[in-house]
């Protein structure tokens, strides 16, 4: 459960590699990072809540 905060790291890494491969500036792709981090943290919070509720 303590590692759920790592959930957004893999998609963020893949997004940064996509941006570098397509030569898109990181600043232009920042909105994608916001979505990845927001959805990842939301999913991690939901999973933590479900683990707590079903304990």
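The values are calculated or read from the model by the stated rules, or taken from the named source; none is laboratory data. All values derive from a computational prediction rather than experimental measurement. Don't worry about glycine lacking a Cβ; one is built from the backbone with ideal geometry, like all the others, and counts go over all protein chains shown.
Condition first: assigned to a helix (DSSP H, G or I) and over 28 Å from residue 55 (Cα atoms). Can you find one or more residues in segment 21-29 that meet it? Yes - at least one qualifying residue is present in segment 21-29. Only one of the numbered conditions (1) in contact with a helix residue (DSSP H, G or I) (Cβ under 9 Å, 6 or more places away or on another chain); (2) in a helix (DSSP H, G or I); (3) at pLDDT 90 or above is not met by residue 48, and that is (3).
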